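What follows is a short report on a single structure.
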Amino acid sequence: MRKSSLFFYSLITELMVLSLLLLYGAIDKNTQQESLQEKAMLVETLQLTDLCLFTEARYTRHLSQADLNTAFQDHPVSLEHFPSGSFTQPSFTGMGSHEQLD
Amino acid sequence: MIELHGIRKVFNAGNPSEFTAINGANLQIAENQITVLKGPSGSGKTTLLSIVGCMSRPTAGRVHLNGREITSLPERFLTDIRRKTFGFIFQQPNLIKGISVLENVMLPAYPLGEKRSQLRIKALAGLDELNIGNKSHSNVEWLSGGEAQRASIVRALINNPSIIIADEPTAHLDSKLSYRFMEIIEKFKAEGKTVIITSHDPLVYDAAIVDRVITMRDGQIEV
Amino acid sequence: MNSWIEKQRYIIDFTLSSLLRRKVKNIGLLVLYTLIVFILASMMFFTHSIKREAALILKGAPEVVVQKIVAGRHDLMPIEYLDTIKKIRGVATAAPRLWGYYYDNLVKANYTLLVPPTQTTTTNISRTTVVENEPNSQSVDLTKPLYEVNGTKLESGTIIIGNGVARLRQIAKGDYMPFLSFDGNVMNLKVVDTLSAQSELVSSDLLLITEEDFRKLFGIDKQFVTDMTVVVNNPSEMPTVAAKIKKRLPQARPIIRDEILRTYESIFNWRGGMMIVIFSAAVLAFVIFAWDKASGLSAGERREIGILKAVGWETSDVIQMKFWEGAIISLTAFFSGVILAYIHVFFMGSPVFEPALKGWSALYPNFSLTPFVNIEQLTTLFFLTVLPYTVATIVPIWRAATIDPDSAMRFTGD
């Protein structure tokens, strides 16, 4: 086969695989509504405030509830004792409104 | 018919290394003839040949191809004329390594966008004619010197040019292969093509089929 | 037009042939490039999905949470605060919450212990909490007794555990779990149910416990609670009410739902430590590629371009060849990288990121992300990778214009 044909076929195949994946994602998103709803329901009934992403420390387990004095809130680029802290950032918005209230 | 009027070619103009390769050459080359440019190395033959073949522009002077002034044409038109009118055979085969003989031979036709099936047939026929059809799919590295040169001849002919330009074609060939080359040249003439060769090989300029020998020395044509 | 297409195909044929000549170098380049796109796209898919998911899930979070802060730390809240808060104008209702952490020495994990809110509170909340786009959010489930999950009642001496806890401790319904209480006594609590695996993203480390057991375990007096949730009459007044609470109770720290949502909106922000490291590493590698490309043509390439020009290629043909060279590599790398990233994030649960996301936590939630894909982000990634690479490949070609076609004639050595 011609090399250019090979290139176009592989490009088309990749495009098709990607669009199939995106299509599947769109369908799957609908089927996952149920699971999303279950989670949303749990949040509402148990009055939860945070995602359970990092369980290593209290300020990473409940990011939005962390007080303003924990290590996490020190400085946006401060090195973290806990690795997950380096993935997240302090909620400046929360700090902002808190300052206003003081 | 190719006419050269007062051609001058200066390299590295304005630099201390400036030198004049051709100094006022006037020449007429007739159609369907074999013309040989003879002369010692450094006499300006190759430079003159590259000007005739629209590969480079003269510093001064004009070139007429079939009555048309081509020296002042922009690159695009010049390239177009070059690939349709001229076929080049270089001193070295100048094949591109790593790709097959067939691909090498078809290269000059790529920018023209000819249909591939037709181009392939043409290329294979050309290779067969010079007895290297069986090598069409091997890489050029595997060719012998003679085979490589024949491949480069097929490449020169792929766009069916009316003028063949060969620069020292026998420089790297033994006598047997050189005779073989001259036979191929003879065939070109029989097909009605114009052939221009530079050479300082007596086997070339003393050949019976050569119509005209032009001697060059120090950038000038000796009369 | 046909001949134009045919010409492009010829040029692609030739470009591929010449790329394949330097197989190791070019395949290595392709693999590295794919890897960069893969990491960037994985990061994009992961962060975008988690943000979208957080936004949808946390819509039902408490409108206002009021904490008490003493010397910069959370402190237990006196129950009297509840009346103070309830009296504030704009407050519909308020409820105390009891929750805390328990460190399990056996598996070195932190659990979140939570006393489920009483039924009345939630009914009140569901009255005013209108969650958009989720018509079922006020379904019959909310009217069930709250100490009940899947028909199992939560009674004194029993707990309901999150799926992550069950997995980590390898316990299930019917098993007993020992807890060390504040005064050194061991409390054996019976697991009566586990929360669904589907909900792990919010419930993995949860332990639902009765108020009575909670107070017994931690030794918290009846007059104290952990914090309070507030429902306001008019959701748009949340900040105003929060300000009023702060004024009335200076030690209090109100957190409104918007702040919770915004926390998760900005989670995994590109400025986050690890993100910037990954990102800059990728960018750096890319710059090296581009520089390598742009730094010019090798002697071999110059010679080849000379031959091509000698046999009748124009400068523009050579530029097109270089364009395809860049386009072939970057398009292939882009699509391969994005496809691999999609599979990585949505089918395999991001194993590449897992060690970093896990950090020191012993309990890591097992969740599959809903595939939210931001086409805009994909397009941005496309333009940030394919375009500059292709351009970087073409740029050095201006040098090609200086290569005369007759250079092939002057070339004599081999």
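For segment C:292-304, does any single residue satisfy the condition of being of a type in the set (A, V, I, L, M), more than 40 Å from the chain's Cα centre (by Cα), surrounded by fewer than 18 Cβ atoms within 10 Å (Cβ to Cβ) and at pLDDT below 85?
Narrowing segment C:292-304 to residues of a type in the set (A, V, I, L, M): C:294, C:297, C:299.
Still in the running and more than 40 Å from the chain's Cα centre (by Cα): C:297, C:299.
Filter once more, keeping what is surrounded by fewer than 18 Cβ atoms within 10 Å (Cβ to Cβ): C:297, C:299.
Of the ones still in play, those that are also at pLDDT below 85 are C:297, C:299.
Yes, because at least one residue in segment C:292-304 is of a type in the set (A, V, I, L, M), more than 40 Å from the chain's Cα centre (by Cα), surrounded by fewer than 18 Cβ atoms within 10 Å (Cβ to Cβ) and at pLDDT below 85.
Might you let me know whether segment B:12-29 holds any residue that is within 16 Å of the chain's Cα centre (by Cα) and either closer than 26 Å to B:THR170 by Cβ or of a type in the set (S, T, N, Q) (or both)? Even if it seems obvious, please write down each step before you answer.
Filtering segment B:12-29 down to residues within 16 Å of the chain's Cα centre (by Cα) leaves B:29.
If we keep only those that are either closer than 26 Å to B:THR170 by Cβ or of a type in the set (S, T, N, Q) (or both) too, we end up with B:29.
Yes - at least one qualifying residue is present in segment B:12-29.
Tell me, which residue of segment B:202-223 that is in contact with a helix residue (DSSP H, G or I) (Cβ under 8 Å, 6 or more places away or on another chain) and part of a strand (DSSP E or B) is nearest to B:ARG150 (Cα to Cα)?
B:VAL213
Is it true that B:PHE86 is among the aromatic types (Phe, Trp, Tyr) and open to solvent by 50 Å² or more (accessible area, probe 1.4 Å)? Walk me through how you get there before you give the answer.
Values: among the aromatic types (Phe, Trp, Tyr): yes; open to solvent by 50 Å² or more (accessible area, probe 1.4 Å): no.
No; evaluated as a whole, the condition is false for this residue.
If you go through segment C:335-391 one residue at a time, how many are in contact (Cβ under 8 Å) with a residue 12 or more places away in the chain and β-branched (Val, Ile, Thr)?
Count: 9.
Which of the residues that make up segment C:324-360 are within 10 Å of another protein chain (Cβ to nearest Cβ) and among the β-branched types (Val, Ile, Thr)?
C:ILE328, C:THR332, C:VAL338, C:ILE339, C:ILE343
Given the structure, is B:ARG180 within 24 Å of B:MET55 (Cα to Cα) and basic (Lys, Arg)? Before the answer, list the steps.
Values: within 24 Å of B:MET55 (Cα to Cα): no; basic (Lys, Arg): yes.
No, not satisfied.
Could you run through segment B:81-110 and say how many residues are part of a helix (DSSP H, G or I) and either more than 8 Å from chain C (Cβ to nearest Cβ) or under 22 Å from B:PHE188 (Cβ atoms) (or both)? First the steps, then the outcome.
Pass one, segment B:81-110, residues part of a helix (DSSP H, G or I): B:81-85, B:101-110.
Next, from what is left, pick out any that are either more than 8 Å from chain C (Cβ to nearest Cβ) or under 22 Å from B:PHE188 (Cβ atoms) (or both): B:81-85, B:101-102, B:104-109.
Selection size over segment B:81-110: 13.
Could you please find all residues in segment B:189-223 being open to solvent by less than 10 Å² (accessible area, probe 1.4 Å) and of a type outside the set (Val, Ile, Thr)?
Selection gives B:SER199, B:MET216, B:GLY219.
The rows are residues; the columns are (1) out of contact with any Ser or Thr (no Cβ under 7 Å at 6 or more places or on another chain); (2) aromatic (Phe, Trp, Tyr); (3) open to solvent by less than 10 Å² (accessible area, probe 1.4 Å).
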position	(1), (2), (3)
C:VAL192	no, no, no
C:SER199	yes, no, yes
C:VAL202	yes, no, yes
C:LEU206	no, no, yes
C:GLU211	yes, no, no
C:PHE218	yes, yes, no
C:ASP221	yes, no, no
C:THR226	yes, no, no
C:VAL230	yes, no, yes
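Within segment C:108-130, can one find any residue that is modelled with pLDDT under 65 and aliphatic (A, V, I, L, M)? Walk me through it before giving the result.
Taking segment C:108-130 and keeping what is modelled with pLDDT under 65, we get C:119-130.
Filter again for aliphatic (A, V, I, L, M), leaving C:125, C:130.
Looking for residues that are modelled with pLDDT under 65 and aliphatic (A, V, I, L, M), one finds at least one in segment C:108-130, hence yes.
Can you find, within segment B:159-201, the residue that is farthest from B:ASP80 (Cα to Cα) among those that are small (Gly, Ala, Ser) and part of a strand (DSSP E or B)? First the steps, then the outcome.
Filtering segment B:159-201 for residues small (Gly, Ala, Ser) gives B:162, B:166, B:171, B:175, B:178, B:190, B:192, B:199.
Those left that are additionally part of a strand (DSSP E or B): B:166, B:199.
Numbers: B:ALA166: 19, B:SER199: 27 Å.
The selected residue is B:SER199.
Looking at this structure, is C:ARG73 within 11 Å of chain A (Cβ to nearest Cβ), surrounded by fewer than 20 Cβ atoms within 10 Å (Cβ to Cβ) and among the basic types (Lys, Arg)?
Working: within 11 Å of chain A (Cβ to nearest Cβ): yes; surrounded by fewer than 20 Cβ atoms within 10 Å (Cβ to Cβ): yes; among the basic types (Lys, Arg): yes.
So C:ARG73 fits the description; yes.
Under 7 Å between Cβ atoms, at least 6 apart or on separate chains: pull out the pairs that start in segment C:151-171 with a residue that is within 15 Å of C:ASN188 (Cα to Cα) and touching a residue at least 40 places away in the same chain (Cβ under 8 Å) and end on any residue that is among the hydrophobic types (A, V, I, L, M, F, W, C) and loosely packed, with under 15 Cβ neighbours inside 10 Å.
The qualifying pairs are C:ARG169/C:VAL107.
Could you list, in sequence order, all residues of segment A:14-32 that are open to solvent by less than 90 Å² (accessible area, probe 1.4 Å) and modelled with pLDDT of 85 or more?
To start, the set of residues in segment A:14-32 that are open to solvent by less than 90 Å² (accessible area, probe 1.4 Å) comprises A:14-15, A:17-19, A:21-22, A:25-26, A:28-29, A:31-32.
Within segment A:14-32, A:GLU14, A:LEU15, A:VAL17, A:LEU18, A:SER19, A:LEU21, A:LEU22, A:GLY25, A:ALA26 meet the criteria.
List every residue pair whose Cβ atoms lie under 8 Å apart, where the two residues are 6 or more positions apart in sequence or sit on different chains, the first residue falls within segment B:168-189 and is under 20 Å from B:GLN92 (Cβ atoms), and the second residue, located anywhere, is assigned to a helix (DSSP H, G or I) and among the hydroxyl-bearing types (Ser, Thr, Tyr).
B:GLU168/B:THR46; B:THR170/B:SER178
The values are calculated or read from the model by the stated rules, or taken from the named source; none is laboratory data. The structure presented is a predicted model; accordingly, all values stated were derived computationally and were not measured. So basically every Cβ, Gly included, is an ideal-geometry build from the backbone, and we count neighbours across all protein chains shown. The accessibility values were calculated without ligands, DNA or RNA, using every heavy atom of the protein model including side chains. Shrake-Rupley method; radii C 1.70, N 1.55, O 1.52, S 1.80 Å.
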